[in-house]
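Enquirer: Got a structure for you, questions after.
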Amino acid sequence: MENNNWEINLDQWVLSDGNYSDFESGQPVQFALEITTPYHSLSLVNASHRDCQLLGKAFYRVSGEIIYTNNSLWVIDFGLCGYYEADTLAVQAEVGQWVSGEIKLGVDSFFYFREYNRLVQVPPLIYTWQVNRIIRQNSFFTYHKERSGLIVGTKDETKAKLDEIETTKKGMNEKPEPPYRTTNYYLYCNKLDSLPEYKKAR
């Protein structure tokens, strides 16, 4: 991102579990980037340039280089670096290979700062950010019963309610009103000019 403006997802459960203090607009914060691929669109390609284009709601189209792998975890450099849990893939990757596809960028739930930062040769990934805006999204789930009898809920983005807030402070913004069933936040951030770290400052 040439203008250093980033849109990053934060799920409410990450805050509810106590992994971070509440986020506030105008606040500097530290976190690593967790990469997910809800549409399983990330694949190995023949490429040699880093690219990252925002698609909306923390989704990006990226091209990046794998700079660390243990075949269950990839660290991908697409201009910034983030980690991707690749254990669900049959693809075996090597350092120096390139990937391309659509990803979602999220605040590290806890995997990096509690576990992955201790792995040998894994790079430091915790960046310092300036939070400029926070958008809260309350989403409605539609439910259907599968043949097995399992009840499955699917987030209906067409019925999502969006509003801008100053803080994710618990008690004020924790519980969505019915019929909204889940809450997440979009953090609009700038990465500050500091080197990535292995641990968050307390």
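Enquirer: Checking the condition farther than 27 Å from R136 by Cα and surrounded by 14 or more Cβ atoms within 10 Å (Cβ to Cβ), which residue from V95, V99 passes?
Expert: Exactly one of V95, V99 is farther than 27 Å from R136 by Cα and surrounded by 14 or more Cβ atoms within 10 Å (Cβ to Cβ), namely V99.
Enquirer: Report the residue count in region 1-21 for those that are assigned to a helix (DSSP H, G or I) and either more than 14 Å from the chain's Cα centre (by Cα) or not β-branched (V, I, T) (or both).
Expert: The qualifying residues number 4.
Enquirer: Please determine whether any residue of region 41-50 is charged (D, E, K, R), surrounded by 15 or more Cβ atoms within 10 Å (Cβ to Cβ) and under 25 Å from T182 (Cα atoms).
Expert: The answer is no; no qualifying residue exists.
Enquirer: The conditions are (1) polar (S, T, N, Q); (2) closer than 30 Å to G96 by Cβ; (3) out of contact with any Asp or Glu (no Cβ under 7 Å at 6 or more places or on another chain), and S41 fails exactly one of them. Which is it?
Expert: The single condition S41 does not satisfy is (3).
Enquirer: Go through region 121-154 and count every residue that is at pLDDT below 85 and either loosely packed, with under 15 Cβ neighbours inside 10 Å or farther than 19 Å from K57 by Cβ (or both).
Expert: Residues meeting the conditions: 14.
Enquirer: Just to check your reading of the model, which residue among G79, G64, G96 is in contact with a Gly (Cβ under 8 Å, 6 or more places away or on another chain), in a loop (DSSP other than H, G, I, E, B) and closer than 22 Å to P124 by Cα?
Expert: G79
Enquirer: Follow-up question, since we're still on this one. Within region 9-66, can you find the residues that are within 22 Å of Y185 (Cβ to Cβ) and among the small types (G, A, S)?
Expert: S16, G18, S21, S25, G26, A32, G56, A58
Enquirer: Taking the residues in region 22-38 that are assigned to a strand (DSSP E or B) and acidic (D, E) as candidates, determine which candidate is surrounded by the most Cβ atoms within 10 Å (Cβ to Cβ).
Expert: My answer is E34.
Enquirer: Of W129, W98, which residue is closer than 28 Å to N3 by Cβ, in contact (Cβ under 8 Å) with a residue 40 or more places away in the chain and within 15 Å of the chain's Cα centre (by Cα)?
Expert: One residue alone meets the criteria, W129.
Enquirer: Would you confirm, using the coordinates I've provided, whether L44 is closer than 20 Å to I135 by Cα and outside any loop (DSSP other than H, G, I, E, B)?
Expert: No: the conditions fail for L44.
Enquirer: Now for a different question. Please specify each residue of region 82-93 satisfying the condition of being hydroxyl-bearing (S, T, Y) and either in a strand (DSSP E or B) or touching a helix residue (DSSP H, G or I) at 6+ places or on another chain (Cβ under 8 Å) (or both).
Expert: Y83, Y84
The values are calculated or read from the model by the stated rules, or taken from the named source; none is laboratory data. Please read all numbers here as calculations on a predicted model, not as lab measurements. When we count neighbours, we look across all protein chains shown, and the Cβ atoms used for this are built from the backbone with ideal geometry, even at glycine.
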